[in-house]
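J.: Quick one: the structure is below, questions incoming.
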Amino acid sequence: MSTTIPLQARLPKTYKITSMKRETEQVTSCTFDVSLGSRPGQFVMLWLPGVEEIPMSVANDDGKQLTVTFFAVGETTKKLAGLKKGDLVGLRGPFGTFYEWKPRQKLALVAGGYGAAPMYFTAREAAKDGCTLFIFVGARSKEHLLYLSAFKKLPRTTLYISTDDGSQGFKGFNVQLLEKMLKEGKQALTIDQIFACGPERMLKAVSDLSFRKKILSQLSLERYMKCGFGLCGNCVVDPLGIRLCIDGPVVKNDLARKITEFGKYHRDELGRKRVL
Ligand SMILES: Cc1cc2nc3c(=O)[nH]c(=O)nc-3n(C[C@H](O)[C@H](O)[C@H](O)COP(=O)(O)OP(=O)(O)OC[C@H]3O[C@@H](n4cnc5c(N)ncnc54)[C@H](O)[C@@H]3O)c2cc1C
Ligand code: FES
């Protein structure tokens, strides 16, 4: 194996959990006593000994501690949700590309599902660079909204909330609300870039909107990941053959629009096509 791949990428090292925070009924944030120097948008491979190793976006890495925020959907994430302070978990990384901005830019951040967590990390770092932030958080209903109080504490930030059932904020999708705010006459938002993280259908809607409006965007695309650093080929996308663990997960919209499977299908752990 190449010696240019750092040891932290090849071998998981175990770290102690310093806190477990229940965010919603299904979502938990887990913080570790380590900083891996992650940038917003990057991910780690998280290993539960005897269970599985899975990719997780970094929800915060402040130079002292690292947090991931996850949905308990299957065996590994349900076991992870049951751990407590002091338990050991393996981490490798950080991996992949990250969101990029220039100081004092106006950014629209679109977050769906657990995408609110990496979007919070992005917002926090971009705020330090003097950026003005318009944050569009969406969920099925108000119980599933994530990170609202954390977003509200950031400077130069306007928070827009949407729920599919209208139980809080705008009734509809966050991308519809963004589109509405981009054409509100004299009050219309002017923005330099859109960043998005969430379900792929939401990302496709952001991609189409930013293409139509000629606004630059960066999207976090997820595929089934095993190694996390370009070896196994599990995360390649059609027809480009690029590996999303190293050329992604954050991709610029012009690249995303060349990925023909984007918004249509992905591949499972055995490489079989799964329609979205
Ligand atoms: C770059 C990246 C970042 C992610 N960040 C987060 C996050 O911040 N929070 C979060 O809750 N989830 C995140 N996920 C998804 C997370 O990896 C899966 O939900 C998790 O692996 C499920 O594992 P499980 O054993 O609990 O469930 P399983 O029952 O094994 O899987 C449930 C579903 O999760 C997906 N999945 C399972 N294993 C993988 C894998 N190795 N790679 C990709 N998808 C997989 C599949 O769609 C599968 O159908 C991310 C995925 C990727 C690729
Ligand atoms: S996960 Fe192995 S090449 Fe991307």
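A short reminder: the numbers here are calculations on the coordinates, not readings from a lab. Because the structure is predicted, anything quoted here is derived from the model rather than measured. Cβ sites come from the backbone with ideal geometry, for glycine too, and all protein chains shown count toward neighbours.
J.: Over the residues of the stretch 83-166, compute the C-alpha Rg and express it relative to 2.2 N^0.38 Å.
T.: On the way: Rg = 14.8 Å, N = 84, 2.2 N^0.38 = 11.8 Å.
Compactness ratio reported: 1.25.
J.: Given H placed 1.01 Å from N in the peptide plane, which residues other than close sequence neighbours of L66 have an amide H under 5 Å from its amide H?
T.: Result for L66 returns F32, V34.
J.: Express the relative contact order of the stretch 98-179 as a whole percentage, based on alpha carbon pairs under 8 Å and six or more residues apart in sequence.
T.: Details: 156 pairs, mean separation 22.9, N = 82.
With pairs under 8 Å counted, the relative contact order is 28 percent.
J.: Rank K102, K13, K153 by mean-square fluctuation in a GNM of the chain with C-alpha springs under 10 angstrom and give only the top-ranked residue.
T.: Comparing K102, K13, K153 in the GNM, the peak value goes to K153.
J.: What whole number of Å gives the distance from the Cα centroid of the stretch 9-28 to the Cα centroid of the stretch 40-98?
T.: Answer, in whole Å: 5.
J.: Specify the angular offset, from 0 to 90 degrees and rounded to the nearest 10, of the alpha carbon long axis of helix 200-213 from the longest principal axis of the alpha carbons in the chain.
T.: That works out to roughly 40 degrees.
J.: Using the charge dipole of the stretch 7-95 (Lys, Arg: +1 at Cβ; Asp, Glu: -1 at Cβ; taken about the Cα centre), state which of P12, S57, T76 has its Cα farthest towards the positive end.
T.: P12
J.: Read phi for every residue in the stretch 48-65 and hand back ³J(HN,Hα) as whole Hz from Karplus 6.51 cos²θ - 1.76 cosθ + 1.60, θ = phi - 60°, with x for Gly and Pro.
T.: For the stretch 48-65, the Karplus-derived couplings read 9, x, x, 10, 6, 10, 9, x, 9, 5, 7, 8, 5, 8, 9, x, 10, 10 Hz, x marking Gly and Pro.
J.: Using the Cα atoms of the stretch 193-276, I'd like the radius of gyration and the largest Cα-Cα distance, Dmax, both in angstrom.
T.: That works out to 12.4, 38 Å for Rg and Dmax.
J.: For the chain, what proportion of DSSP beta bridges, expressed in % and rounded to the nearest 5, is antiparallel?
T.: On the way: 34 of 59 bridges.
In the chain, DSSP labels about 60 percent of beta bridges as antiparallel.
J.: Taking the alpha carbon gyration tensor of the chain, what are the square roots of 5 times its eigenvalues, largest first, to the nearest whole Å? Intermediate results must be reported in sequence, preceding the final value.
T.: Details: eigenvalues 165, 97, 66 Å².
One finds semi-axes of 29, 22, 18 Å for the chain.
J.: Next question, about the same structure. Search the structure for amide H atoms under 5 Å from the amide H of R267, placed 1.01 Å from N in the peptide plane, and list their residues when 5 or more places away or on another chain.
T.: Close amide H contacts, sequence-distant or interchain: Y224, R274.
J.: List the lysines whose Cα lies under 16 Å from the Cα of K128, skipping any in the same chain that are fewer than 8 positions away.
T.: K102, K106, K152, K153
J.: Also: Residue by residue through the stretch 6-22, which ³J(HN,Hα) values in whole Hz follow from phi under the Karplus form 6.51 cos²θ - 1.76 cosθ + 1.60 (θ = phi - 60°), with glycine and proline marked x?
T.: x, 4, 4, 7, 7, 10, x, 10, 8, 10, 7, 6, 9, 7, 10, 10, 6
J.: In whole Å, what are the extents of the stretch 7-95 along the principal axes defined by its C-alpha atoms, from largest to smallest?
T.: Here the spans come out as 33, 27, 24 Å, largest first.
J.: Could you please state, rounded to a whole Å, how far the C-alpha centre of the stretch 203-243 is from the C-alpha centre of the stretch 131-165?
T.: For the stretch 203-243 versus the stretch 131-165, the Cα centre distance is 24 Å.
J.: Additional query: Students often forget the sequence filter, so: which lysines lie under 21 Å Cα-Cα from K204 once same-chain residues fewer than 8 apart are removed?
T.: K171, K180, K183, K213, K214, K252, K258, K264, K273
J.: A follow-up question, please. Only four residue types carry charge here, +1 at the Cβ of Lys and Arg and -1 at the Cβ of Asp and Glu. Report the dipole size of the stretch 106-275 about the Cα centre in Debye, rounded to the nearest 20. It would help to have the intermediate numbers written out before the result.
T.: Numbers: 28 positive and 17 negative charges, 50 e Å.
The calculation lands at about 240 debye.
J.: Could you compute the longest span of the chain free of GluC sites (Glu not before Pro) located in DSSP loops and having at most 16 other Cβ atoms within 10 Å, not counting the site residues? Display every interim value, and only then the final one.
T.: On the way: sites that count: E25, E100, E184, E269.
With GluC sites (Glu not before Pro) excluded where exposed in loops, the chain gives 185-268 as its longest stretch.
J.: Further question: List every residue whose amide H lies under 5 Å from the amide H of F136, counting only residues 5 or more places away in sequence or on a different chain, with H placed 1.01 Å from N in the peptide plane.
T.: Here the answer is L109, V110, A111, Y160, since their amide H atoms fall under 5 Å of that of F136.
J.: How about the stretch 15-96: which trypsin sites (Lys or Arg not before Pro) there lie in a loop by DSSP and see at most 11 other Cβ atoms within 10 Å? Before the final figure, lay out each step's value.
T.: Details: sites: K16, K21, R22, K64, K78, K79, K84, K85, R92; in loops: K64, K84, K85.
Listed in order of number, the matching sites are K64, K84, K85.
J.: Please compute the Cα-Cα pair-distance distribution of the stretch 135-276 with 10 Å bins starting at 0, giving whole percents from short to long.
T.: Bin by bin from 0 Å, the calculated values are 11, 35, 33, 18, 3, 0.
J.: Just to confirm the number: angle between the C-alpha axis of helix 116-128 and the first principal axis of the chain, 0 to 90 degrees, nearest 10?
T.: 70 degrees
J.: What percent does the relative contact order of the stretch 106-275 come to when contacts are Cα pairs within less than 8 Å and at least six residues apart?
T.: Working: 319 pairs, mean separation 30.3, N = 170.
This gives 18 percent for the stretch 106-275.
J.: In the stretch 167-262, what trypsin sites (Lys or Arg not before Pro) fall in a loop by DSSP, with at most 10 other Cβ atoms inside 10 Å? Before the final figure, lay out the partial values.
T.: On the way: sites: K171, K180, K183, K186, R201, K204, R212, K213, K214, R223, K226, R243, K252, R257, K258; in loops: K183, K214, R223, K226, R257, K258.
Filter output for the stretch 167-262: K183, K214.
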